[in-house]
Amino acid sequence: MSAASLVVHGLGKTFRLAHRGGIELPVLSGFDLTLGPGECVVLIGPSGIGKSTVLRCVYGNYLPGGGHILVRHGGRLIDLVGAHHRTMMEVRRRTLGYVSQFLRAVPRVPTLDVVADPLLRLGVAVGAARARAAELLERLGLPERLWSLPPQTFSGGEQQRVNIARGFAVEYPVLLLDEPTAALDAANRSRVAALIDDAKQRGAAVLGIFHDLDFADAVGTRFLRMAAAER
Amino acid sequence: MSDAAALELAPDAAPAVAPPLLAARGLAKRYGRRTAMADVSFELWPGEVLAVVGESGAGKSTLLRCLSGQDEPDAGEAMYRRLDGTAVDVLRLGDVRRRLLLRTDWGVIHQNPRDGLRFGVSAGANVAERLMENGARHYADMRAEVADWLMRLEIDPERMDELPHTFSGGMQQRLQIARCLVTRPRLVFLDEPTGGLDVSVQARLLDLLRTLVRELEVAAILVTHDLAVARMLADRLAVMRDGRVVELGLTDQVLDDPQHPYTQLLVASVLPA
């Protein structure tokens, strides 16, 4: 247990919609999770139960309503709930990777640089970053003629592969994957599964949401069924 | 921490955070009876981009003008950490020293290139001028550096000796950015830098700005009303309304999970792109 990569304890999240009569939507209450290196925990449960909310709270694009989110960052276990934004930014740069369903990239930037960007932010030299980006795009079967083009005009499946390559460019110790394969065919799904397996091999802790149960079976080491928050 | 301790996983102490580059506290400004800015406080770190968003009249430009020395706030302080580690309140620095700071450490990029460029001299002279203000004297070196900066901003150096009015709007804006960044400022103020440009030109400029900010590790305060621009460029977002900062946080957190009723309205009012 002491080697846990991610410990979520008592996580709560309620959305308050000021312009809908101040309505409160409780999504998470008392949510617990422990994730170790090399593990891939799959969150399961009906849509709306809060699977994505857990991932977003961990990554910090949702503000947790309470509880603790402990992440092993540079050998130290630090609480992200209430953490300074400088700490949060550093944890995102080095420790936490997050792949969502949709690619969000600056227009006009070539695909290769979109994928290399997280490495450049870490201070990796442009050449090495692009080489790593190319390696990932190749593994994901994205045709080389597309690498110099911005991904905005690509198909859904192509964009999703660019997004996955970007999310895997840095070898993050903790990976959060939110339906990364929703738009992919079987051949491409198995390429993504191989990437996830490699990440587990090198000791990454993976927390994922996968709509496709066969895919979840293939990469998951443990399943966590979520229950509705107390209202 | 007792809950976490129950798991026998007490967290380590929170990592130390380096001191900020700029710490503004309690900034206020009135024009007659109208409050343009009230109780504005924030901190900014080296290499960090802070976007200030809000509707017209929210106080964004007042804040930018007061910090960049174009206007005087009625109250508050803005502690700036100089290269030697000492901090000064830039609002009480006095005109001469503040102008010196603006020349050596800071840069301003205006919405309208006409406010940031001199149209009577060549494109190259516009960039070289800033270098000379900071002590450069060697003509050939300067010309080489200017050419280098024009190329970085995707302006053909062959056009160095042309006057800015022969350039397109997007090129003028890129020239203004070259003029500002050539002296490697540590803090840059950007006032709606893509405001007057066509959408296709905006994207190109955003990409250039993003790359330069990362390479030079310059801190920036970006005033914009465009949430998409803020999402692309900014690490953090401050939302202003009626002269006050109503919400401040990591850009994606503020946009994906807005807390303040006004931010919720602002985010909900934008057409998804």
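The values are calculated or read from the model by the stated rules, or taken from the named source; none is laboratory data. Here the structure is a predicted model, which is why all the values come from computation and not from measurement. In this analysis, Cβ positions are derived from the backbone assuming ideal geometry, glycine residues included, and neighbour counts consider all displayed protein chains.
If residue A:44 satisfies every condition in (1) surrounded by fewer than 21 Cβ atoms within 10 Å (Cβ to Cβ); (2) more than 9 Å from chain B (Cβ to nearest Cβ); (3) within 24 Å of residue A:9 (Cβ to Cβ); (4) free of Cβ contacts under 8 Å to residues at least 40 places away in the same chain but one, which is the exception?
Condition (4) is where residue A:44 drops out.
So which residues in segment B:74-86 are free of Cβ contacts under 8 Å to residues at least 60 places away in the same chain and either touching a strand residue (DSSP E or B) at 6+ places or on another chain (Cβ under 6 Å) or not in a loop (DSSP other than H, G, I, E, B) (or both), if there are any at all? Walk me through how you get there before you give the answer.
Keep residues of segment B:74-86 that are free of Cβ contacts under 8 Å to residues at least 60 places away in the same chain, which gives B:74-79, B:82, B:84-86.
Within segment B:74-86, B:74, B:75, B:76, B:77, B:78, B:79 qualify.
Can you tell me which of B:51, B:24 is more than 14 Å from every other protein chain (Cβ to nearest Cβ) and touching a residue at least 12 places away in the same chain (Cβ under 8 Å)?
Details: B:51 fails: more than 14 Å from every other protein chain (Cβ to nearest Cβ).
Of B:51, B:24, the one residue that is more than 14 Å from every other protein chain (Cβ to nearest Cβ) and touching a residue at least 12 places away in the same chain (Cβ under 8 Å) is B:24.
Just to be sure, is residue A:178 crowded, with 18+ Cβ neighbours inside 10 Å, within 21 Å of residue A:56 (Cα to Cα) and either over 16 Å from the mean Cα position of the chain (by Cα) or among the acidic types (Asp, Glu) (or both)?
Values: crowded, with 18+ Cβ neighbours inside 10 Å: yes; within 21 Å of residue A:56 (Cα to Cα): yes; either over 16 Å from the mean Cα position of the chain (by Cα) or among the acidic types (Asp, Glu) (or both): yes.
The answer is yes for residue A:178.
Right, residue B:97: more than 23 Å from residue B:45 (Cβ to Cβ), surrounded by 12 or more Cβ atoms within 10 Å (Cβ to Cβ) and not assigned by TED's automatic domain parsing to the domain that holds residue B:171 or not? Walk me through it before giving the result.
On the way: more than 23 Å from residue B:45 (Cβ to Cβ): yes; surrounded by 12 or more Cβ atoms within 10 Å (Cβ to Cβ): yes; not assigned by TED's automatic domain parsing to the domain that holds residue B:171: yes.
So residue B:97 passes the test.
Identify the residue in segment A:118-140 that is within 14 Å of chain B (Cβ to nearest Cβ) and buried (at least 20 other Cβ atoms within 10 Å of the Cβ) and, among all such residues, is farthest from the chain's Cα centre (by Cα).
A:129
Would you check if there is a residue in segment A:12-34 being buried (at least 20 other Cβ atoms within 10 Å of the Cβ), among the aliphatic types (A, V, I, L, M), within 16 Å of residue A:207 (Cα to Cα) and within 12 Å of another protein chain (Cβ to nearest Cβ)?
To start, the set of residues in segment A:12-34 that are buried (at least 20 other Cβ atoms within 10 Å of the Cβ) comprises A:13, A:27-28, A:31.
Still in the running and among the aliphatic types (A, V, I, L, M): A:27-28.
When the remaining residues are screened for being within 16 Å of residue A:207 (Cα to Cα), the result is none.
Checked against the condition, which is being buried (at least 20 other Cβ atoms within 10 Å of the Cβ), among the aliphatic types (A, V, I, L, M), within 16 Å of residue A:207 (Cα to Cα) and within 12 Å of another protein chain (Cβ to nearest Cβ), segment A:12-34 yields no hits at all.
Say we look at segment B:206-227 and pick out the residues that are closer than 26 Å to residue B:263 by Cβ and part of a helix (DSSP H, G or I); which of these is farthest from the other protein chains (Cβ to nearest Cβ)? Explain how you work it out, then say what you get.
The initial filter retains those residues of segment B:206-227 that are closer than 26 Å to residue B:263 by Cβ, namely B:206, B:209-210, B:213, B:219-227.
If we keep only those that are part of a helix (DSSP H, G or I) as well, we get B:206, B:209-210, B:213, B:227.
On the way: B:206: 6, B:209: 10, B:210: 6, B:213: 11, B:227: 13 Å.
Ranking the candidates gives B:227 first.
Test of understanding: among B:52, B:108, which residue is within 14 Å of the chain's Cα centre (by Cα), outside any loop (DSSP other than H, G, I, E, B) and at pLDDT 95 or above? Steps first, please.
On the way: B:108 fails: at pLDDT 95 or above.
None of the other options fit; the residue is B:52.
Sort out which residues of segment A:185-207 are out of contact with any strand residue (DSSP E or B) (no Cβ under 7 Å at 6 or more places or on another chain) and surrounded by 22 or more Cβ atoms within 10 Å (Cβ to Cβ), and write them in order of number. Step through it out loud before you land on a result.
Going residue by residue through segment A:185-207, those that are out of contact with any strand residue (DSSP E or B) (no Cβ under 7 Å at 6 or more places or on another chain) are A:185-195, A:197-198, A:201-203.
The one that is out of contact with any strand residue (DSSP E or B) (no Cβ under 7 Å at 6 or more places or on another chain) and surrounded by 22 or more Cβ atoms within 10 Å (Cβ to Cβ): A:192.
Which ranges mark the strands (runs of 3 or more DSSP E) fully within segment A:1-108 that have 3 or more residues being within 18 Å of the chain's Cα centre (by Cα) and within 30 Å of residue B:229 (Cβ to Cβ)?
On the way: elements: A:6-17, A:23-35, A:40-44, A:66-73, A:76-79, A:96-99.
Per the criteria, A:96-99.
Among (1) among the polar types (S, T, N, Q); (2) touching a His at 6+ places or on another chain (Cβ under 8 Å); (3) in the same structural domain as residue B:148 (by TED's automatic domain parsing), which single condition is residue B:264 missing?
Residue B:264 satisfies all of (1) among the polar types (S, T, N, Q); (2) touching a His at 6+ places or on another chain (Cβ under 8 Å); (3) in the same structural domain as residue B:148 (by TED's automatic domain parsing) except (3).
Across segment A:56-77, what is the total count of residues that are buried (at least 21 other Cβ atoms within 10 Å of the Cβ), in contact with a Pro (Cβ under 7 Å, 6 or more places away or on another chain) and at the interface with another protein chain (Cβ under 7 Å from one of its Cβ atoms)?
Taking segment A:56-77 and keeping what is buried (at least 21 other Cβ atoms within 10 Å of the Cβ), we get A:56-60, A:62, A:64, A:67-73.
Filter again for in contact with a Pro (Cβ under 7 Å, 6 or more places away or on another chain), leaving A:57, A:70, A:72.
Next, from what is left, pick out any that are at the interface with another protein chain (Cβ under 7 Å from one of its Cβ atoms): A:70.
Qualifying residue count, segment A:56-77: 1.
Only one residue in A:94, A:86, A:108 is touching a residue at least 40 places away in the same chain (Cβ under 8 Å) and facing another protein chain (nearest Cβ under 8 Å). Which one? Can you show your working first?
On the way: A:94 fails: facing another protein chain (nearest Cβ under 8 Å); A:86 fails: touching a residue at least 40 places away in the same chain (Cβ under 8 Å).
Answer to the selection: A:108.
Filtering segment B:242-273 down to residues that are within 19 Å of the chain's Cα centre (by Cα) and not aliphatic (A, V, I, L, M), which residue is farthest from the other protein chains (Cβ to nearest Cβ)?
Filtering first and then ranking leaves B:243.
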